[in-house]
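Visitor: Can you read through this structure? Questions will come right after.
The values are calculated or read from the model by the stated rules, or taken from the named source; none is laboratory data. As the structure is a computational prediction, the values presented were derived from the model and not from experiment. A quick note on method: Cβ atoms are made from the backbone with ideal geometry, for glycine too, and the neighbour counts reach across all protein chains shown. Please note that ligands, DNA and RNA were not included when accessible areas were found on the heavy atoms of the full protein model with its side chains. Shrake-Rupley method; radii C 1.70, N 1.55, O 1.52, S 1.80 Å.
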Amino acid sequence: MSNLYPQAAVTKNEMESLEETLHAPAFLEKYDLAYPPIDHARLEAAVGEMLASVGEDTGREGLIDTPHRVARAYDKLLEGYRTDPTALINNALFDVDYSDMVVVTNIEFSSLCEHHLLPFMGHAHVAYIPRGKVVGLSKIPRIVDLFARRFQVQERMTRQIASFIDEVLHPQGVAVVVEGQHLCSVMRGVEKHDASMTTSVMLGTFRDDAMTRQEFLQHIQRRPTAR
Ligand SMILES: [Zn+2]
């Protein structure tokens, strides 16, 4: 979509000042970034302990390598804690002279609920109205991953995605809607049929202007895979 419009890479100075923002200790702390690497030895011991505590034979063939596999899997599932936000943006920040709504719908995500360490997954829908700056469209799903690949709750994930885009682009407004299925509810039988949940955060124009908000919500409803 952004290719339809003229755009130019931001100046070196602007990029440097963004990098300063993204690497500031307060920013990294606010968004739980720059965690140290996972302590694999400790995690493997803990997984072995967990298996033993439920009565399993940790030496049997199927489980012998499980602690090791879980530790490796967590590198990926929790990589949001260790993603460099500057590398994520990777110079894909552009000056534009339009202020049409940028909308990316149906961004698949999967995350781990911090209450039960079980997956929740679904789709995120993101929109913003530029104030002179846009990011490459492919960066939006990466921002979603940044906040999905952690121990999370859906409400906080939704808020973090919106707030991160707000701080990076200073747009006129940001809207994020997340639809998630929570396996902790499904598997425990808390809600038998549908443990789906929708969360949304509207900032700026999307919060203040009903028409703008409506336009975004119509984009979501129009999408081909709507339930
Ligand atoms: Zn849960």
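Visitor: Order the following by accessible area, largest value first: 22, 137. Probe radius 1.4 Å; ligands, DNA and RNA are ignored.
Guide: Accessible-area ranking of 22, 137, largest first: 137, 22.
Visitor: Further, regarding this structure: Rounded to the nearest 500 deg cm²/dmol, what is the calculated helix-only ellipticity per residue at 222 nm for the chain, with -39500 (n - 2.57) per DSSP H run of length n ≥ 4?
Guide: -12500 deg cm²/dmol
Visitor: Once you place label points 7 Å from the Cα toward the Cβ at residue 84 and residue 214, how far apart are they in nm?
Guide: 4.6 nm
Visitor: Here's something else I'd like to know. What relative contact order, as a whole-number percentage, does the chain give when Cα pairs under 8 Å and 6 or more residues apart are counted?
Guide: 18 percent
Visitor: How big is the charge dipole of the range 100-207 about its Cα centre, in debye rounded to the nearest 20, if each Lys and Arg gets +1 on its Cβ and each Asp and Glu gets -1 on its Cβ?
Guide: 220 debye
Visitor: Determine the dipole magnitude for the chain: charges of +1 sit on the beta-carbon of Lys and Arg, -1 on that of Asp and Glu, nothing else is charged, the reference point is the Cα centre, and the result goes in debye to the nearest 20.
Guide: Dipole about the Cα centre, nearest 20: 500 debye.
Visitor: May I ask you to derive the FRET efficiency for residue 57 and residue 153 from their Cβ-Cβ distance with R0 = 35 Å, giving the value to the nearest 0.05?
Guide: Taking R0 as 35 Å, the efficiency between residue 57 and residue 153 is 0.55.
Visitor: Once you put a point 7 Å from the Cα of residue 207 and another 7 Å from the Cα of residue 23, both along the Cβ direction, what distance in nm separates them?
Guide: 3.1 nm
Visitor: Mind giving me the nanometre distance, one decimal, between the label points for residue 117 and residue 197, set 7 Å out from Cα along Cα→Cβ?
Guide: The answer from the label model is 1.9 nm.
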